[in-house]
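One structure is given here, and the rest of the page talks about it.
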Amino acid sequence: MKFSLLEPVVLTKDIKRHGLKKGDLGTVVEVYGKHDYEVEFVTAGGRTQALIPLHEQDLRPVAQRDIVAVRSLRAVAEINLQHNAQPTSMKINTMNFGSRRLQPAANSF
């Protein structure tokens, strides 16, 4: 397991559907097996922007020389309309990663 529960992580790619950009800071809130995680991204005001499952290749650890920056965020509804994306739905305690369905790791609670 590369990341631990409640560890801060950095996104390594843009995820336009959720209004996220490479370099955004998130927190691991659930661990699924050895390589998959549920990560929460919040605004500077404390509102959850996205709570999404990600593979470890989509994340990197926070480095000592990283600095946190603030940027304006367009509404996700506006982003979804521009990309013709449908709203996403999540099932509690079960995440979809491609064709795999994952359950939380036993030691993640």
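Structure data summary
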| quantity | calculated |
| --- | --- |
| Integer Hz, Karplus 6.51/-1.76/1.60 couplings in order for region 48-60, x for Gly and Pro | 5, 8, 7, 10, 9, x, 9, 8, 4, 5, 8, 10, 9 |
| In Hz, Karplus ³J(HN,Hα) per residue of region 4-20 (6.51, -1.76, 1.60; θ = phi - 60°; x = Gly, Pro) | 9, 4, 6, 7, x, 9, 10, 6, 9, 8, 6, 10, 4, 4, 10, x, 9 |
| Distant-in-sequence amide H partners of TYR32 (H built 1.01 Å from N, under 5 Å) | TYR37, GLU38, ALA105 |
| Amide H partners (placed H, <5 Å) of ALA50, local residues excluded | PHE41 |
| Under 5 Å, built H, 5+ apart or other chain: amide partners of LYS21 | ILE15 |
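Quick note: the coordinates plus some simple rules give every number you see, no bench work behind them. For clarity, every value in this text was computed on a predicted model and none was experimentally measured.
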